Amino acid sequence: MGVNEIIARIRAEANGEVRRIQAEAAAETDRIRREGRERAEREAAAIVAAGREQAERQRRRVLARARLSARTALREVRENGIERSFEAADEHLAALARSPAYPDVLRALVAAGREAVGGGEVSVHCRPQDREAAEIACAGLPGITLVPTAHDGGGGVIVISGRMRSDQRFSARTERMRERLTREAAAILYREEGE
């Protein structure tokens, strides 16, 4: 075999090796591209899923805040309505102190106060401007001393026997009953539709 044949054979083998290396490189490049594309698709899908989860969490947070805000606003409106009901009741009670029925109301308050302090001899404290109505209310009731006393409360009386005291002023009675009256007013004012 001559030198030219050896060189041709080496070249042929080298060309074959180059083609084999190029084929392996092309296959490796295709594999890397395919794996890269698959990895990119997985990462993109994970990013999209994470974005959807984050958007859903954000939607739930916004919705929860909106619901809380709506409940707070509704509660404030209801509380305002109930407070206006109490103000209207106070106005009605103040007007009652100027009505012809006031002595009868005072008589009922004196009886309730007398029962609360245990009966017997009592002093009935009323506002000076209520003295005439209180005298009418207490007329014929035994064991009562009428004592005009400057007190706030929009009308009513305070019944005292010894150390026992029963505050039957309109303001005190309203305050004692406020929780129950609030529930009852809410039930009347804000009854759900369909009830």
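The values are calculated or read from the model by the stated rules, or taken from the named source; none is laboratory data. Bear in mind that the values here come from a model prediction, so they are computed numbers and not experimental data. Note that we place each Cβ from the backbone using ideal geometry, even for glycine, and neighbour counts take in every protein chain shown. Protein only, heavy atoms only, side chains kept; ligands, DNA and RNA dropped before computing areas. Shrake-Rupley method; radii C 1.70, N 1.55, O 1.52, S 1.80 Å.
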Exercise. Would you kindly identify the strands (runs of 3 or more DSSP E) lying entirely within the stretch 122-186 that contain at least 2 residues that are among the charged types (D, E, K, R)?
Key: 164-169
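Quick one: is Ala172 open to solvent by less than 20 Å² (accessible area, probe 1.4 Å), within 37 Å of the chain's Cα centre (by Cα) and of a type outside the set (Val, Ile, Thr)?
yes
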Quiz item: Within the stretch 113-142, which residues are under 17 Å from Arg173 (Cα atoms) and among the hydrophobic types (A, V, I, L, M, F, W, C)?
Solution: Ala116, Val117, Val124, Cys126
Quiz item: In this structure, is Glu121 within 30 Å of Glu184 (Cβ to Cβ), open to solvent by 60 Å² or more (accessible area, probe 1.4 Å) and charged (D, E, K, R)?
Solution: no
Practice problem: Give the stretch 124-152 a look and list any residue that's surrounded by 15 or more Cβ atoms within 10 Å (Cβ to Cβ), under 23 Å from Arg176 (Cα atoms) and either small (Gly, Ala, Ser) or at pLDDT 90 or above (or both), or say none. | Solution: Val124, His125, Cys126, Arg127, Asp130, Ala134
Quiz item: Checking Gly119 against (1) touching a Lys or Arg at 6+ places or on another chain (Cβ under 9 Å); (2) assigned to a loop (DSSP other than H, G, I, E, B); (3) of a type in the set (Gly, Ala, Ser), which single condition isn't satisfied?
Solution: (1)
Quiz prompt | In the stretch 82-112, residue nearest to Thr174 (Cα to Cα) [restricted to those that are charged (D, E, K, R) and within 35 Å of the chain's Cα centre (by Cα)] | solution = Asp90
